[in-house]
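All remarks here apply to the structure that follows.
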Amino acid sequence: MRVLASPSRRTAAALSVALAAAFTVAAGPADPAVAAVAAVTDGSARFDVLTPTLIRMQYAGDGAFTDATTFNVVNRSFTPPAYTTSVTADGYREIRTSALTLRYKQNSGPFTAANLSVAITATGATARPVYPSYCAASTACEAENALFTGGVTPAYDHQGYTGSGFAGGYEGAGSGLQYDVDVPTAGTWRLAVRYANAVGSDNQSATRTLTAHVNGATGPRFSLPPTSSWDTWATGSVTVSLRAGVNAITVNQDAADSGRVNVDSLAVMPGGSTNYPSPATDLRTTGYGAGPASQLGGWYRSLDNLPGGLPDANALHPGVLNRGGWYLLDDTRTALLSTSHTVSDRPGHGAQPYQDGYFFGYGQNYKQALADLNALTGPANLLPQTAYGVWFSRFWGYSTADYQNTLLPAFRRNFTPLDWLVVDTDWKKPVEWDGWNWNTDLFPDPQAFLTWTKQMNLDTSFNAVSYTH
């Protein structure tokens, strides 16, 4: 496995705990920065009740749970809330707070929608959270939620994909996506991908190739015939040998591969199968979590390459808030972050499955959800006030004289406020797309230009597109 403060004060109540087989209550580590509240451990599953509406849920097949802080989660030192726990006659571990009731089927393996549910007291809704980082056999695992190498990134600029996007950027050797896939038995399995392959960046429509890698070893090569457009999707597959348990599977563009395809999802199926699993459509998933699709707002990483030039409201990346009243923050693959701000990989778990996530069960108490998030991940710095003002940005080779004699006077003449100038990539020379040297043809005296912007009460930003080869 590799690579979001202050909770309301509560009086710690006595815990009413019903002891059962394979169940312990363990105190957290002594370091207050990483201290956990009393943990409910049931076999390979561990639950930390942080607040009545926030529960950490870890599954470690090898029993190696993580207590260190991560790049996302910097605080677990919460005042323990009142809760009770017991095991039902039908074999479910139950944890009850004033806000929710969690049920997990004992000894049923990693958390899935089939063995885990959480009932929200205020609304009566029942959540069945999933971990997007966990890819089980015979399921379609969304490519946009995978780990990426090279130039592969999540993409959204075509139609017909499943989930919240697809993986694009197979444009050079070393580009790939990787999932840890959990299979029940060792043997021969069919690794399939759902892909699109139209006219590529080389202006060709041709059969393309990618290569499978399994647990670090190079495997068979995919042969992916053309599709009729980038909005049309097909499937291709290879046969791989897998061990029982978790396998690190990469779909990579090796040096001999042609790449130039988009990948929507991958699936590991029994060796003799010919079908492709249907996508899960009941939740909105991303690489960092899952929740109901009724999200309240969201964010977008870029306005580049969007159909029609504007983001689809349904494609905004979600936060923890939605009308369904719950969210699962998947922290499984987040790097560890020490108190000295040193980043390190999480320890490996070999062939054993591992999951680490935080269930927010707030119902309609959205302020509580934000308070839990703020306490868990640390307070977010506010943007400067000018960031909420008017920005001007255009991909155009403006000069100092253009800004001083034409652009800014036009704003003033039309009584339009202006707070930020975004100077696009033409400010650099000799190569406008790379480097850090001023283009003195456009800006003869860079310091004088910056001094002028301050005198005009303008903040400035500069487009820096620097490529590393």
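Based on this model, can you work out whether residue 375 counts as under 30 Å from residue 96 (Cβ atoms) and among the aliphatic types (A, V, I, L, M)? Judged against the criteria, residue 375 is a match. Looking across 369, 464, one residue alone is part of a helix (DSSP H, G or I) and either of a type in the set (A, V, I, L, M, F, W, C) or touching a Ser or Thr at 6+ places or on another chain (Cβ under 9 Å) (or both). It is 369. Scanning segment 301-331 for residues that are at pLDDT below 95, within 14 Å of the chain's Cα centre (by Cα) and part of a loop (DSSP other than H, G, I, E, B) yields 301, 316, 318, 319. Residues of segment 341-361 that are assigned to a loop (DSSP other than H, G, I, E, B) and either among the basic types (Lys, Arg) or under 16 Å from the mean Cα position of the chain (by Cα) (or both): 346 alone. If you scan segment 40-86, which residues turn out to be under 18 Å from residue 110 (Cα atoms) and of a type in the set (A, V, I, L, M, F, W, C)? If the condition is that a residue be under 18 Å from residue 110 (Cα atoms) and of a type in the set (A, V, I, L, M, F, W, C), then 40, 45, 47, 55, 57, 60, 64, 65 are the ones that fit. Beta carbons closer than 9 Å, at least 6 apart along the sequence or on distinct chains, pair a first residue in segment 166-177 that is within 18 Å of residue 249 (Cβ to Cβ) with a second that is of a type in the set (Val, Ile, Thr) and part of a loop (DSSP other than H, G, I, E, B) for 167/152; 170/152; 170/261; 175/152; 176/152; 177/152. Put simply, of 110, 132 the only residue that is part of a loop (DSSP other than H, G, I, E, B), crowded, with 20+ Cβ neighbours inside 10 Å and in contact with a helix residue (DSSP H, G or I) (Cβ under 8 Å, 6 or more places away or on another chain) is 132.
Annotation note: Cβ proximity below 6 Å between a residue of segment 60-83 that is small (Gly, Ala, Ser) and a residue that is at pLDDT 95 or above (sequence gap 6+ or interchain) occurs for 60/44; 60/354; 61/44; 61/352; 61/353; 68/336. In a residue-by-residue description of segment 178-201, the property of being aromatic (Phe, Trp, Tyr), assigned by TED's automatic domain parsing to the domain that holds residue 153 and closer than 30 Å to residue 322 by Cα applies to at least one position.
Per this entry, residue 202 is counted among residues that are in a loop (DSSP other than H, G, I, E, B) and of a type outside the set (Phe, Trp, Tyr).
If only residues of segment 135-160 that are part of a loop (DSSP other than H, G, I, E, B) and among the small types (Gly, Ala, Ser) are counted, the one that is nearest to residue 243 (Cα to Cα) is 137.
Scanning segment 262-279 for residues that are part of a loop (DSSP other than H, G, I, E, B) and touching a Gly at 6+ places or on another chain (Cβ under 8 Å) yields 271, 279. Only one of the numbered conditions (1) more than 20 Å from residue 72 (Cβ to Cβ); (2) modelled with pLDDT under 95; (3) crowded, with 17+ Cβ neighbours inside 10 Å is not met by residue 351, and that is (2).
Taken over segment 379-416, the criterion of being loosely packed, with under 12 Cβ neighbours inside 10 Å, more than 40 Å from the chain's Cα centre (by Cα) and of a type in the set (Ser, Thr, Tyr) is satisfied by 406 alone. On the basis of being touching a strand residue (DSSP E or B) at 6+ places or on another chain (Cβ under 6 Å), on the phi < 0 side of the Ramachandran plot and assigned to a helix (DSSP H, G or I), does residue 451 make the cut? Taking the combined requirement at face value, the residue does not satisfy it. With hydroxyl-bearing (Ser, Thr, Tyr), modelled with pLDDT of 90 or more and within 30 Å of residue 416 (Cβ to Cβ) as the only criterion, which of 377, 285, 334, 386 stands out? From the options 377, 285, 334, 386, the qualifying one is 386. Within segment 390-440, the set of residues being assigned to a loop (DSSP other than H, G, I, E, B), over 21 Å from residue 451 (Cβ atoms) and small (Gly, Ala, Ser) comprises 397, 435. Residue under question is residue 173, and the condition is that it be modelled with pLDDT of 95 or more and either under 16 Å from residue 224 (Cα atoms) or surrounded by fewer than 20 Cβ atoms within 10 Å (Cβ to Cβ) (or both); does it hold? When the stated conditions are applied, residue 173 passes them.
Exactly one residue out of 221, 208 is crowded, with 18+ Cβ neighbours inside 10 Å and out of contact with any helix residue (DSSP H, G or I) (no Cβ under 8 Å at 6 or more places or on another chain): that is 208. Scanning segment 224-239 for residues that are surrounded by fewer than 18 Cβ atoms within 10 Å (Cβ to Cβ) and either part of a strand (DSSP E or B) or in contact with a Pro (Cβ under 9 Å, 6 or more places away or on another chain) (or both) yields a count of 3.
Buried (at least 18 other Cβ atoms within 10 Å of the Cβ) and under 18 Å from residue 133 (Cα atoms): is that true of residue 245 in this structure? For residue 245, the condition - buried (at least 18 other Cβ atoms within 10 Å of the Cβ) and under 18 Å from residue 133 (Cα atoms) - is met.
The values are calculated or read from the model by the stated rules, or taken from the named source; none is laboratory data. Computed from a prediction, not measured in an experiment: that's the story for all the values here. When we count neighbours, we look across all protein chains shown, and the Cβ atoms used for this are built from the backbone with ideal geometry, even at glycine.
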